[in-house]
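Participant: Questions regarding the structure given below will be posed in turn.
The values are calculated or read from the model by the stated rules, or taken from the named source; none is laboratory data. Note that the structure is a prediction, hence the values are computed from the model and not measured. Because the Cβ atoms are built from the backbone with ideal geometry, glycine has one as well, and the counts that use them run over all protein chains shown.
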Amino acid sequence: MKLNTKFYTIILSVLLLSGCSTIVSDSKYSVAINSTPSEANFILKNREGLTIHSGQTPTSITLDASAGFFKGETYTLILNKQGYVEKTIEINSSIDGWYFGNLLFGGVIGFLIIDPVTGAMFKLPKESNTSLTLATTVLDNQDNSLTIALLDSIPQSERSSLIQLN
């Protein structure tokens, strides 16, 4: 009988002193960074503007979902590749659904303290997919204009009107 009491005491303590998201989820997530076209250079900054990672797509990096007590992290991803327009996107954390499991299972301490402190109340997307746009340059010279573009960006039907420069 004494063994059962100790067992139930331990189980009850674990349930009261931990959060549902802390048990089921994590506070760090692997996020795949992809771009079309691939091999784009990128810089990843946190909400404070500090560069926390840089590299080339495709890659996967591990990121914190939380920026502090009750504060989800927001990342700024800047992608660039020669011949393409630089693109900036945000990667935002969101509330993890398991966080609300604290209400169902009576984990008030987990809901108000444990999950917010550990960051387990937040989650990040599994991947970030970005399409880069081809860059074009237009130079105006009075009535004449010159447009510079990559051949792949010109529709096949318009290629016959192109003028080759030597």
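Participant: Select from segment 49-91 the residues that are part of a loop (DSSP other than H, G, I, E, B) and either crowded, with 16+ Cβ neighbours inside 10 Å or touching a Phe, Trp or Tyr at 6+ places or on another chain (Cβ under 6 Å) (or both) and list them in ascending order.
Facilitator: THR57, ALA65, GLU73, LYS81
Participant: Under 6 Å by Cβ, and 6 or more places apart or on different chains, what pairs join a residue from segment 28-49 that is over 13 Å from PRO125 (Cα atoms) with one that is assigned to a loop (DSSP other than H, G, I, E, B) and among the basic types (Lys, Arg)?
Facilitator: Within 6 Å, the pairs are ALA40/LYS81.
Participant: Moving to a separate point now. Picking from SER13, SER18, SER25, SER54, which residue would you name as being modelled with pLDDT under 95, touching a strand residue (DSSP E or B) at 6+ places or on another chain (Cβ under 9 Å) and among the small types (Gly, Ala, Ser)?
Facilitator: SER25
Participant: Select from segment 113-132 the residues that are modelled with pLDDT of 65 or more and more than 20 Å from the chain's Cα centre (by Cα) and write down the one among them that is farthest from GLY83 (Cα to Cα).
Facilitator: Ranking the qualifying residues of segment 113-132, first place goes to ILE114.
Participant: Filter segment 92-105 for residues that are outside any loop (DSSP other than H, G, I, E, B), under 12 Å from LEU124 (Cα atoms) and polar (S, T, N, Q); which is modelled with the highest pLDDT?
Facilitator: ASN92
Participant: Give me the residue from segment 133-162 that is of a type in the set (A, V, I, L, M) and at pLDDT below 75 and, out of that set, surrounded by the fewest Cβ atoms within 10 Å (Cβ to Cβ).
Facilitator: LEU151
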